[in-house]
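The values are calculated or read from the model by the stated rules, or taken from the named source; none is laboratory data. In this text the structure is predicted, and so the values were computed from the model without any measurement. Virtual Cβ from ideal backbone geometry, glycine too; neighbours counted across all protein chains shown. Keep in mind that these areas ignore ligands, DNA and RNA; they rest on the heavy atoms of the full protein, side chains included. Shrake-Rupley method; radii C 1.70, N 1.55, O 1.52, S 1.80 Å.
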Amino acid sequence: MTEAGCDRCGCGGSGAGPGMAVDPVATPWRVALLGNPNTGKTTLFNRLCGLRHKTSNFPGTTQESRIGVVRPRGESSSAARPIHLVDLPGVYSLELAQSESEVCREVLAGNLSPRGEPVGSPDAVCVVVDGTNLARNLLMVGEALSRRLPTVVAVNMIDAARRGGIRIDPVELERQLGCGVVECSARTGEGLEGLPEAMRTARVPNRTPPGSREGIESWADRVHELCVGHRGLADRVAVDRGAASRGDPDGARAREVTSSGPGGWRPTATDRIDRVCTHPLLGMGVFAAVMSGLLFVVFQIATYPMEWIDSIFSGNAGWVAAWQPAWLAELTGGGLRGLVEHAMPEGILRDLLSGGVVSGIGATLIFVPQIALMFFLISLLEDTGYLARAAFLMDRLFRPFGLPGHSFVPLLSSHACALPGIMATRTIPDRRQRLLTILVAPFMTCSARLPVYVLVTTLLFRDRPLLAAVAFVGCYALGAAAGLVSALVIGRTLLRGPDRPMILELPTYRPPSLRTALVTTWDRSIVFLKNAGTNILAISIVLWWLGTYPKVDPPEEVVQLRQLAAEIRDGRLADSSPHDSAFVTPGEGLGVAPFKDRESSARELEDRADRIESADGKARSFAGRLGRAMQPVFAPLGYDWQLTVGVVTSFAAREVFVSTMAVIVTGSDEADGEGILSEIGAAKRDDGSPVFTAATCWSLLVYYVLAMQCLPTLAVTARESGGLKWAMLQLAWMSGLAYLSALAVYQGLGLAGVT
Amino acid sequence: MRLSEAPEGFVGVVCHHDLGTADAELLRAMGLRPMARVRICKPGEPCIVQVLAGCGHDGVVMGASGCSCRIGLSGSLARRVSIEAIVGAATA
């Protein structure tokens with residue numbers, strides 16, 4: 001890392017430290033982006049870097065960082081040197097006792113860098129300030145200047161400030177601060193063309209603000225007084241009317257800022273909207289409508305890309321097949337999995353690729369559409385300013401259970417997948433409340449639970465879709481209730497401590513930025529794929545191995561069926577007529593239905609033999625043996641060995657349950673078809689009684705609502721909570737609660753005569 | 001007067017508080033500090049205040065004695081912050 005500012009502070013150094021030769025073109029100029037929350041820092045970063053950035057984190061912390069590349073422009077060597085922009089967490093002060101502030105302090109001191117970046121002080125600091133809210137933002141500028149690093153101040157939202165009648169004198173501001181000042185608007189791009197060069201030519205400020213808090217406040221007051229002026233009220237009204245007639249949202253923001261003089265106050269648009277959105281009753285109505293819309297869009301629209309992904313990996317599905325030409329359908333009939341099986345010779349490697357790797361990648365990617373859509377909508381909502389209000393509404397609901405309103409977004413995200421939900425807890429300032437939220441986030445119904453809910457509610461309420469829908473919604477409610485009650489119990493026992501009251505800046509309502517939402521969605525999705533994808537892939541491979549090995553000889557029934565099929569195909573059986581008694585007899589003895597012609601009859605027998613062999617192989621595999629060994633543990637819940645195998649194999653990933661059951665019962669993992677669901681529903685225990693009774697179904701449903709059947713979530717919990725013990729507590733708590741609840745349901749229904 | 005008791009539109013300055021250190025420091029960094037001029041946007045739960053840049057206790061311009069942002073506080077916090085009315089300032 002270069003020594004900061006050596007080429008600007010007059011020491012005569014090269015900017016690379018003593019004795020170091022630096023290629024000015026190859027060595028990036030590292031700039032730390034600092035600022036208060038809600039100053040448009042993220043929008044500015046996205047505008048400068050676009051998708052040329054990576055998401056990282058700071059070692060030893062849970063703080064995320066983005067490092068972006070600002071492409072050089074111009075011909076000079078300084079201009080050709082690329083800028084690496086390090087986006088620091090938004091903080092109100094560098095001196096607060098919060099992890100975000102500590103990260104900023106350490107980065108500026110040169111003690112911490114994002115993972116993969118060289119450690120050392122940044123070459124420059126760019127402080128982003130809100131031009132419509134300069135008074136408070138100057139406090140942060142003062143703290144940054146006192147670090148004595150090359151600094152430039154980007155006065156963002158300058159267009160909104162101008163429209164609101166706020167006049168900032170940039171020359172005077174530059175003189176007072178002793179560093180470069182660039183007026184810009186990240187939303188419109190105004191002034192941004194000069195910002196990269198200002199970062200490269202940033203100098204150590206020639207003025208130093210006082211060191212004490214009171215001193216910086218007085219200094220900021222004086223600078224604000226000297227550099228910022230307001231137009232008269234009459235001017236502002238004229239500006240307001242002009243902005244209103246143009247439907248200008250930034251003008252509206254600025255109007256609200258400037259209508260502040262004594263005697264000049266009137267309720268603004270934000271005030272009026274807040275009266276509704278934070279009202280105890282009306283606010284909940286708005287909240288319910290917004291959340292219903294969000295969840296509807298997520299689960300409705302994401303279905304299409306999920307179906308595409310499923311068809312790519314597993315084979316043609318739904319309407320995708322109808323759009324394909326015949327030759328393509330023929331080629332991709334079995335999806336990537338089919339292609340692998342078609343292209344490779346039989347053997348372990350082929351089985352591993354088709355059954356483990358391709359399935360694992362597909363199992364990861366299939367969740368991306370829901371997660372991406374959820375993040376996109378959350379980002380849009382956040383940008384409007386509504387989510388901060390929703391957090392306060394939820395604070396009222398969550399507070400009795402020991403959770404803060406900040407937990408709302410993480411718990412909402414967990415309805416798509418617990419992994420991004422747990423990562424989103426980084427925004428919760430209090431560590432105790434953050435841990436509580438992490439521990440209960442997996443109770444929220446995630447996408448992976450849905451196949452199990454579909455299977456069991458279909459079995460329970462076949463031909464009664466309304467009741468099935470009620471049961472489905474009940475599962476969501478049970479998960480959320482279990483999460484809240486668990487937070488209450490854990491918060492009053494293991495994580496006792498005072499609740500920190502809610503303090504949150506409520507930004508002015510404004511239209512969201514599509515660009516910011518898209519970049520955020522891209523970031524979140526990539527992080528999900530990196531964190532979860534590798535885990536899910538590894539788990540899929542392990543599950544495939546457990547479910548496939550050891551290889552066993554086919555049972556006698558399979559041998560007989562194949563022999564019979566061969567005899568039919570070879571014509572050794574006299575005739576293919578279904579009425580020929582000499583022919584039908586052997587097939588009937590094995591439960592074979594009458595058939596029409598030789599080839600199709602042989603195929604039918606072979607398919608049946610394959611299914612029986614597959615189910616037998618699964619039952620005698622390591623996973624099957626484990627299921628049988630553990631069956632006594634799950635017997636009180638009403639599960640036979642087949643259900644136990646399903647529960648055990650889905651320990652690492654709950655979505656595996658349905659495909660496992662399909663393989664065990666039918667010998668095929670094509671679990672989407674109605675016929676397969678019927679076959680699973682008709683499964684028999686060893687004594688001939690049905691596997692899925694009403695009591696068993698309810699017990700199973702409750703178990704899957706509450707159980708921690710997701711190894712990647714445990715891994716992320718361990719990482720984000722800073723210790724394996726919290727992940728183990730989560731596993732024990734959720735599994736114990738699921739087991740006891742399912743036991744109570746099964747035994748209770750048994751006592752009530754429901755079987 | 002406590003912040004939680006002030007009506008909508010009330011303009012005053014922050015006098016004192018009995019908050020814990022962490023909350024007091026955060027509020028101070030957000031601009032809600034002694035002598036900061038505030039307007040009550042919405043009383044109740046949450047209590048929404050706008051911290052104003054401009055005039056101070058006696059109507060004299062004080063520079064950045066505050067800022068122009070909205071802060072939402074839970075009712076329990078608002079009850080622990082005291083404010084005084086600015087003479088001559090309009091309320092709702």
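Confirm whether A:L506 is under 13 Å from A:L403 (Cβ atoms), open to solvent by less than 60 Å² (accessible area, probe 1.4 Å) and out of contact with any Ser or Thr (no Cβ under 6 Å at 6 or more places or on another chain). It would help to see each step written out before you state the result.
Values: under 13 Å from A:L403 (Cβ atoms): no; open to solvent by less than 60 Å² (accessible area, probe 1.4 Å): yes; out of contact with any Ser or Thr (no Cβ under 6 Å at 6 or more places or on another chain): yes.
For A:L506, the condition - under 13 Å from A:L403 (Cβ atoms), open to solvent by less than 60 Å² (accessible area, probe 1.4 Å) and out of contact with any Ser or Thr (no Cβ under 6 Å at 6 or more places or on another chain) - is not met.
Test each condition in (1) open to solvent by less than 10 Å² (accessible area, probe 1.4 Å); (2) at negative phi for A:P170 and report the one that comes out false.
(1)
Is it the case that region A:718-728 has a residue that's acidic (D, E), surrounded by fewer than 18 Cβ atoms within 10 Å (Cβ to Cβ) and touching a residue at least 40 places away in the same chain (Cβ under 8 Å)? Even if it seems obvious, please write down each step before you answer.
At the first step, the residues of region A:718-728 found to be acidic (D, E) are A:720.
This time we only want the ones that are surrounded by fewer than 18 Cβ atoms within 10 Å (Cβ to Cβ), so: none.
No.
Does A:S146 meet the test of being hydroxyl-bearing (S, T, Y), open to solvent by 20 Å² or more (accessible area, probe 1.4 Å) and more than 22 Å from B:A29 (Cβ to Cβ)? Quick ask: steps written out before the conclusion?
Numbers: hydroxyl-bearing (S, T, Y): yes; open to solvent by 20 Å² or more (accessible area, probe 1.4 Å): yes; more than 22 Å from B:A29 (Cβ to Cβ): no.
For A:S146, the condition - hydroxyl-bearing (S, T, Y), open to solvent by 20 Å² or more (accessible area, probe 1.4 Å) and more than 22 Å from B:A29 (Cβ to Cβ) - is not met.
Quick one: in region A:198-212, of everything that is farther than 12 Å from A:C126 by Cβ and buried (at least 17 other Cβ atoms within 10 Å of the Cβ), which residue is nearest to the other protein chains (Cβ to nearest Cβ)?
If we take residues in region A:198-212 being farther than 12 Å from A:C126 by Cβ and buried (at least 17 other Cβ atoms within 10 Å of the Cβ), then A:P209 is nearest to the other protein chains (Cβ to nearest Cβ).
I'd like to check something: does region A:491-513 contain any residue that is aromatic (F, W, Y) and farther than 24 Å from A:R719 by Cβ?
Yes, there is a match, as at least one residue in region A:491-513 is aromatic (F, W, Y) and farther than 24 Å from A:R719 by Cβ.
For A:E190, state whether it is open to solvent by 20 Å² or more (accessible area, probe 1.4 Å), modelled with pLDDT of 90 or more and either part of a loop (DSSP other than H, G, I, E, B) or not assigned by TED's automatic domain parsing to the domain that holds A:V127 (or both).
Spelling it out, A:E190 is indeed open to solvent by 20 Å² or more (accessible area, probe 1.4 Å), modelled with pLDDT of 90 or more and either part of a loop (DSSP other than H, G, I, E, B) or not assigned by TED's automatic domain parsing to the domain that holds A:V127 (or both).
Restricting the search to region A:554-574, which residues are charged (D, E, K, R) and assigned to a helix (DSSP H, G or I)? Don't jump to the end; show me each part of the working.
Taking region A:554-574 as the starting set, the residues that turn out to be charged (D, E, K, R) are A:556-557, A:562, A:567, A:569-570, A:572.
Of everything in region A:554-574, those that are charged (D, E, K, R) and assigned to a helix (DSSP H, G or I) turn out to be A:E556, A:E557, A:R562, A:E567, A:R569, A:D570.
In the set A:L397, A:L436, A:L403, A:L393, which member is within 14 Å of chain B (Cβ to nearest Cβ), more than 26 Å from A:P512 (Cα to Cα) and open to solvent by less than 10 Å² (accessible area, probe 1.4 Å)?
Working: A:L397 fails: open to solvent by less than 10 Å² (accessible area, probe 1.4 Å); A:L436 fails: within 14 Å of chain B (Cβ to nearest Cβ); A:L393 fails: more than 26 Å from A:P512 (Cα to Cα).
Among A:L397, A:L436, A:L403, A:L393, only A:L403 is within 14 Å of chain B (Cβ to nearest Cβ), more than 26 Å from A:P512 (Cα to Cα) and open to solvent by less than 10 Å² (accessible area, probe 1.4 Å).
Note down all Cβ pairs under 7 Å where the first residue falls in region B:68-85 and is over 15 Å from B:K42 (Cβ atoms), the second is among the hydroxyl-bearing types (S, T, Y), and they're at least six residues apart or on different chains.
These pairs meet every condition: B:S68/A:T132; B:S68/A:S260; B:R79/B:S4.
Any residue at all in region A:483-502 that is open to solvent by less than 30 Å² (accessible area, probe 1.4 Å), modelled with pLDDT of 85 or more and within 14 Å of another protein chain (Cβ to nearest Cβ)?
Yes, region A:483-502 contains a residue that is open to solvent by less than 30 Å² (accessible area, probe 1.4 Å), modelled with pLDDT of 85 or more and within 14 Å of another protein chain (Cβ to nearest Cβ).
Mind listing just one residue for me: the one in region A:150-167 that is open to solvent by less than 10 Å² (accessible area, probe 1.4 Å) and more than 13 Å from chain B (Cβ to nearest Cβ) and, of those, farthest from A:G191 (Cα to Cα)?
Looking at residues that are open to solvent by less than 10 Å² (accessible area, probe 1.4 Å) and more than 13 Å from chain B (Cβ to nearest Cβ), I get A:P150.
Please specify each residue of region B:14-51 satisfying the condition of being closer than 18 Å to A:R213 by Cα, in a loop (DSSP other than H, G, I, E, B) and not charged (D, E, K, R).
B:L19, B:G20, B:M30, B:G31, B:L32, B:P34, B:M35, B:A36
Which residues, taken from region B:15-42, are in contact with an Asp or Glu (Cβ under 6 Å, 6 or more places away or on another chain), under 24 Å from A:P404 (Cα atoms) and open to solvent by 20 Å² or more (accessible area, probe 1.4 Å)?
Applying the first criterion (in contact with an Asp or Glu (Cβ under 6 Å, 6 or more places away or on another chain)) to region B:15-42 yields B:15, B:40-42.
Checking which are under 24 Å from A:P404 (Cα atoms) leaves us with B:40-42.
Across region B:15-42, the qualifying residue is only B:K42.
Yes/no matrix, rows are residues, columns are (1) open to solvent by 30 Å² or more (accessible area, probe 1.4 Å); (2) within 14 Å of chain B (Cβ to nearest Cβ); (3) closer than 30 Å to A:A161 by Cα; (4) not in a loop (DSSP other than H, G, I, E, B):
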| residue | (1), (2), (3), (4) |
| --- | --- |
| A:H84 | yes, no, yes, yes |
| A:V91 | no, yes, yes, no |
| A:E95 | yes, yes, yes, no |
| A:E106 | yes, no, no, yes |
| A:N111 | yes, no, no, no |
| A:R115 | yes, no, no, no |
| A:V119 | yes, no, no, no |
| A:C126 | no, no, yes, yes |
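Checking A:W319 against (1) farther than 22 Å from A:P369 by Cα; (2) modelled with pLDDT under 80; (3) open to solvent by 60 Å² or more (accessible area, probe 1.4 Å), only one condition comes out false. Which one?
Of everything listed in (1) farther than 22 Å from A:P369 by Cα; (2) modelled with pLDDT under 80; (3) open to solvent by 60 Å² or more (accessible area, probe 1.4 Å), A:W319 misses just condition (1).
For the list (1) in contact with a helix residue (DSSP H, G or I) (Cβ under 9 Å, 6 or more places away or on another chain); (2) at pLDDT 90 or above, I need the number of the one condition that A:A198 fails.
Looking at each condition in turn, A:A198 falls short on (1).
Considering only residues that are facing chain B (nearest Cβ under 10 Å) and over 19 Å from A:F398 (Cβ atoms), look in region A:273-293 and name the one that is most open to solvent (accessible area, probe 1.4 Å).
My answer is A:R275.
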